[in-house]
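The values are calculated or read from the model by the stated rules, or taken from the named source; none is laboratory data. Here the structure is a predicted model, which means the values were calculated and not measured. Positions of Cβ are generated from backbone atoms using ideal geometry, with glycine treated the same way; all protein chains shown enter the neighbour counts.
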Ligand SMILES: Cc1ncc(COP(=O)(O)O)c(C=O)c1O
């Protein structure tokens, strides 16, 4: 009898975390490494948020709380949805978990039965298909193209829907492509979804605030109110509020689903950290102006990286609307050989040889379900980014 369960055997460790760990190891061993692989802002958590956490500790907010969130935070989340997304939710429609990842995990484990299909536009965040596999469901990648700036075409979505389709996981701005859907682009998608009442929509709005050039963020239940009753709108404080380590994410949706997610959480982690919940409340209710200041820096870095990568031989890098990622194609390098005599057959070879030769860590696109490409996170000091792009140019220029 095997020790490891069949459910666990269906999944693999997160490849983005694996590559970040490898970069960290090489750095510890003394190599000059620039890691562009991590998905977190390099900015610190704002002081007012830290102070709210310290005050919570001093007040003794150090005990178990309601499993899926303190009422004060749920109320703040309802205010956020009204203020920023024009969506009406009651506290009973809100669930708070240990990061967006747990909320997503709860939603899928609570709903996906063996054989259920979950549509996942590719390139996708690495965890979606693995969580679906863990549940015994069938992840169905729905392809996009670089020509469409990695945005889903409505007719491609429609062709992928079957009677077994339970969810569409929608993510805008996207990790890994940075692509974000305008109102009209999203309306074209929701127009398809209204026709298929068995399909639920899990929208991962984690990068909502990280958009540039006056882009206006929209979310499915806002664009198409007829989808409100079968949409789970997920979000969190990790990215925009620079709180990845605090582990608070949340979602709002139909009460029956929220209740089921709470039941699951009550038998796994119970409440997310009491202290982090008070900090998240301050994040949502407190001053928001630092987001625009951070975005100014992110936008400059995006423009720098896109421009420098487009000058590298064999690369083509679209300019995305949001998040802190770019997803250049490396199709022009496939089949070429490094000065050391190694042939680049796949994007994984590209990433491995780049790390080997120039000490720059990126994540290969096929890990996100679409290649040959790679993901760069530009949430890194601008000087490091510039140096990393110079090294990428040198690496590509040396291929023959
Ligand atoms: C698209 C997307 N969704 C969800 C998450 C999870 O966020 P959290 O750190 O709050 O669990 C991430 C984090 O990388 C992400 O990129």
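With the requirement that a residue be more than 24 Å from residue 191 (Cα to Cα) and assigned to a helix (DSSP H, G or I), what does region 119-143 give you?
Matches in region 119-143: 127, 129, 130, 131, 132, 133, 134.
Looking at this structure, is residue 232 under 26 Å from residue 258 (Cβ atoms), crowded, with 23+ Cβ neighbours inside 10 Å and away from the ligand (no atom under 16 Å from the Cβ)?
Details: under 26 Å from residue 258 (Cβ atoms): yes; crowded, with 23+ Cβ neighbours inside 10 Å: yes; away from the ligand (no atom under 16 Å from the Cβ): no.
No, not satisfied.
Of all the residues that make up region 91-110, how many are assigned to a helix (DSSP H, G or I) and under 23 Å from the mean Cα position of the chain (by Cα)? Before the answer, list the steps.
Step one: list which residues in region 91-110 are assigned to a helix (DSSP H, G or I), which gives 91-93, 99-110.
Checking which are under 23 Å from the mean Cα position of the chain (by Cα) leaves us with 93, 99-110.
Final tally of qualifying residues: 13.
Can you tell me which residues in region 288-340 are in a loop (DSSP other than H, G, I, E, B) and buried (at least 21 other Cβ atoms within 10 Å of the Cβ)? Steps first, please.
So the first thing to find is which residues in region 288-340 are in a loop (DSSP other than H, G, I, E, B), and the list is 288, 311-315, 317-321, 323-324, 327-328, 330, 334-336, 338-340.
Selection gives 312, 315, 317, 320, 321, 323, 324, 327, 328, 330.
Of the residues 113, 88, 68, which is over 19 Å from the mean Cα position of the chain (by Cα), within 16 Å of the ligand (Cβ to nearest atom), part of a loop (DSSP other than H, G, I, E, B) and at pLDDT 95 or above?
On the way: 113 fails: within 16 Å of the ligand (Cβ to nearest atom); 88 fails: within 16 Å of the ligand (Cβ to nearest atom).
Checking each option against the conditions leaves just 68.
Can you pull out the residues in region 144-173 that are in a loop (DSSP other than H, G, I, E, B) and within 16 Å of the ligand (Cβ to nearest atom)?
Quick first cut of region 144-173, residues in a loop (DSSP other than H, G, I, E, B) only: 144-153, 161-164, 172-173.
Answer for region 144-173, where residues must be in a loop (DSSP other than H, G, I, E, B) and within 16 Å of the ligand (Cβ to nearest atom): 144, 150, 151, 152, 172, 173.
Which pairs do you get when a residue that is in contact (Cβ under 8 Å) with a residue 12 or more places away in the chain, found in region 99-114, comes within reach of a residue that is within 9 Å of the ligand (Cβ to nearest atom) and assigned to a helix (DSSP H, G or I), reach meaning Cβ atoms under 9 angstrom, with the pair 6+ apart or on two chains?
Filtered contacts from region 99-114: 101/127; 104/127; 104/128; 105/127; 108/128.
Checking the structure you have, find out if any residue of region 180-198 is at negative phi and under 16 Å from the mean Cα position of the chain (by Cα). Walk me through how you get there before you give the answer.
Residues of region 180-198 that are at negative phi, as a first pass: 180-198.
Now restrict to residues that are under 16 Å from the mean Cα position of the chain (by Cα): 180-181.
Yes: region 180-198 contains one or more residues that are at negative phi and under 16 Å from the mean Cα position of the chain (by Cα).
Give 141, 123, 176 a once-over and let me know the one that is surrounded by fewer than 19 Cβ atoms within 10 Å (Cβ to Cβ), touching a residue at least 60 places away in the same chain (Cβ under 8 Å) and within 16 Å of the ligand (Cβ to nearest atom).
Numbers: 123 fails: surrounded by fewer than 19 Cβ atoms within 10 Å (Cβ to Cβ); 176 fails: surrounded by fewer than 19 Cβ atoms within 10 Å (Cβ to Cβ).
After ruling out the rest, the residue left standing is 141.
Could we say that residue 361 is buried (at least 18 other Cβ atoms within 10 Å of the Cβ) and in contact (Cβ under 8 Å) with a residue 60 or more places away in the chain here?
On the way: buried (at least 18 other Cβ atoms within 10 Å of the Cβ): yes; in contact (Cβ under 8 Å) with a residue 60 or more places away in the chain: yes.
Here the answer is yes, as residue 361 does meet what is asked.
If I ask for residues that are in a loop (DSSP other than H, G, I, E, B) and either touching a strand residue (DSSP E or B) at 6+ places or on another chain (Cβ under 7 Å) or modelled with pLDDT under 95 (or both), which ones from region 254-287 would you list? Please lay out each step first, then the result.
Taking region 254-287 as the starting set, the residues that turn out to be in a loop (DSSP other than H, G, I, E, B) are 254, 267-273, 286-287.
If the condition is that a residue be in a loop (DSSP other than H, G, I, E, B) and either touching a strand residue (DSSP E or B) at 6+ places or on another chain (Cβ under 7 Å) or modelled with pLDDT under 95 (or both), then 272 is the only one that fits.
Kindly check whether there is at least one residue in region 248-256 that is surrounded by fewer than 21 Cβ atoms within 10 Å (Cβ to Cβ), more than 16 Å from the ligand (Cβ to nearest atom) and closer than 21 Å to residue 86 by Cα. Steps first, please.
Pass one, region 248-256, residues surrounded by fewer than 21 Cβ atoms within 10 Å (Cβ to Cβ): 254-256.
If we keep only those that are more than 16 Å from the ligand (Cβ to nearest atom) as well, we get 254-256.
So of that shortlist, the ones also closer than 21 Å to residue 86 by Cα come out as 254-255.
Checked region 248-256: at least one residue is surrounded by fewer than 21 Cβ atoms within 10 Å (Cβ to Cβ), more than 16 Å from the ligand (Cβ to nearest atom) and closer than 21 Å to residue 86 by Cα.
With respect to the numbered conditions (1) in a helix (DSSP H, G or I); (2) surrounded by fewer than 20 Cβ atoms within 10 Å (Cβ to Cβ); (3) touching a helix residue (DSSP H, G or I) at 6+ places or on another chain (Cβ under 8 Å), which one is the sole condition not fulfilled by residue 63?
Going through (1) in a helix (DSSP H, G or I); (2) surrounded by fewer than 20 Cβ atoms within 10 Å (Cβ to Cβ); (3) touching a helix residue (DSSP H, G or I) at 6+ places or on another chain (Cβ under 8 Å) one by one, residue 63 breaks only (1).
Please work out which residue is modelled with the lowest pLDDT, limiting yourself to region 30-60 and to residues that are within 16 Å of the ligand (Cβ to nearest atom) and outside any loop (DSSP other than H, G, I, E, B).
For region 30-60, the residue satisfying everything is 35.
For region 12-22, give me each residue that is within 16 Å of the ligand (Cβ to nearest atom) and either surrounded by 14 or more Cβ atoms within 10 Å (Cβ to Cβ) or assigned to a helix (DSSP H, G or I) (or both).
The initial filter retains those residues of region 12-22 that are within 16 Å of the ligand (Cβ to nearest atom), namely 13-21.
Result: 14, 15, 16, 17, 18, 19, 20, 21.
Determine, yes or no, whether residue 86 is at positive phi and touching a residue at least 24 places away in the same chain (Cβ under 8 Å).
Spelling it out, residue 86 is indeed at positive phi and touching a residue at least 24 places away in the same chain (Cβ under 8 Å).
If you go through region 189-229 one residue at a time, how many are in a helix (DSSP H, G or I), in contact (Cβ under 8 Å) with a residue 12 or more places away in the chain and away from the ligand (no atom under 16 Å from the Cβ)? I'd like the intermediate steps shown before the answer.
Residues of region 189-229 in a helix (DSSP H, G or I): 189-193, 220-223, 225-229.
Right, trim to in contact (Cβ under 8 Å) with a residue 12 or more places away in the chain and you get 189-193, 220-223, 226-229.
Okay, now just the ones that are also away from the ligand (no atom under 16 Å from the Cβ), so 189-193, 221-223, 226-229.
Here the count works out to 12.
When you look at residue 324, is it under 24 Å from residue 147 (Cα atoms), free of Cβ contacts under 8 Å to residues at least 60 places away in the same chain and in contact with a helix residue (DSSP H, G or I) (Cβ under 9 Å, 6 or more places away or on another chain), yes or no? Can you show your working first?
Numbers: under 24 Å from residue 147 (Cα atoms): yes; free of Cβ contacts under 8 Å to residues at least 60 places away in the same chain: no; in contact with a helix residue (DSSP H, G or I) (Cβ under 9 Å, 6 or more places away or on another chain): yes.
No.
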